[in-house]
1. Using alpha carbon centroids, what distance separates the stretch 242-316 and the stretch 138-156, in Å?
2. Give me the extension gain from residue 315 to residue 297: residue separation times 0.36 nm, minus the current Cα-Cα distance, reported in nm with one decimal.
3. If you count the DSSP beta bridges with both ends in the chain, what percent of them are antiparallel, to the nearest 5?
4. If you stretched the chain out fully between residue 152 and residue 18, how much longer would it get, using 0.36 nm times the residue separation minus the C-alpha to C-alpha distance?
5. Rounded to the nearest 0.05, what FRET efficiency do residue 48 and residue 269 give with R0 = 35 Å and r taken as the Cβ-Cβ distance? Could you check?
6. So what is Rg over Rh here for the chain, counting just Cα atoms and using Kirkwood for Rh?
7. Which peptide among 161-174, 41-54 comes first, and what is the full order, when sorted by highest mean count of other Cβ atoms within 10 Å?
8. Can you tell me the orientation of helix 242-252 relative to the chain, as the angle in degrees between its alpha-carbon axis and the longest Cα principal axis, to the nearest 10?
């Protein structure tokens, strides 16, 4: 694809359009360095990576949150972290939000294992997709909570790389492992956030897991190019096999691709063989548990990897 495709959101904000255009421009030429931050920690992990590397990550990641106040993914951190996101956007960073959605029968807050990672009967999943059901109404109420966070960012003119229902090609999250239902759920979410809530600041980011172990091939889970702006993969354990890159690239049909969530950081050779990764986002704790400080610094100082300062040059 020789030119950017228009954002899938009608009448998208200028800031969101600029973000998508940026990803098209860097694609194949540079890779934005990114770091996720758990809600309770604010921007602590971005600051930690800055301390290790001497460079500020270009992508600031956060989660909507789902757990009890004061815990790792606490719902009490939503508003404070909106303020953090606005501040980072003003500094020129790319903001990305992940959504570990609470299973519709449950009330937030929930725990991760048993709340986000849980079984979800097919009949209940079908009810979520049925506009006349009680579970659908509960799902709408949960989406509305996420929309309040995203809407506050829109009011502050902050575009968001929006990454819901990630790793859907694996069986661990309640939304995962069932492609027909997942694609319908994604399209239902798009409709509610875009058409019901009028959110126009989102760059829709579809992020399966790399297809190893119990994660299945990507294509059956893809909801369509009319509801996806950019594609990414999540990968841990050093799974940077070329086959995963090629499969995502083929599915993207020229759209930007990224490393949506990673643990073991890629070596320089990965970017030489797989140059289209437009960004990566490392996961807290794993990034330091699985990578020596020297390796983290080496990655950040690769000529093709952009920190916040390098990103400002591209924006200019």
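FYI, it's all coordinate maths here, none of it is from the lab. Owing to the predicted nature of the structure, the values given are computational and were not obtained by experimental measurement. Please note: Cβ atoms are built from the backbone with ideal geometry, for glycine as well, and neighbour counts cover all protein chains shown.
1. That distance is 29 Å.
2. Working: separation 18, 0.36 × 18 = 6.48 nm, distance 2.36 nm.
Stretched fully, the residue 315-residue 297 segment lengthens by 4.1 nm.
3. Details: 2 of 36 bridges.
Counting DSSP beta bridges with both partners in the chain, the antiparallel share is about 5 percent.
4. Numbers: separation 134, 0.36 × 134 = 48.24 nm, distance 1.91 nm.
The span from residue 152 to residue 18 would gain 46.3 nm if fully extended.
5. Numbers: r = 26 Å, r/R0 = 0.74.
About 0.85, to the nearest 0.05.
6. Details: Rg = 18.1 Å, Rh = 19.4 Å.
Result: Rg/Rh = 0.93.
7. Numbers: 161-174: 22.8, 41-54: 17.4.
Going by the mean number of other Cβ atoms within 10 Å, highest first, we get 161-174, 41-54.
8. Long axis of 242-252 versus the principal axis of the chain: about 60 degrees.
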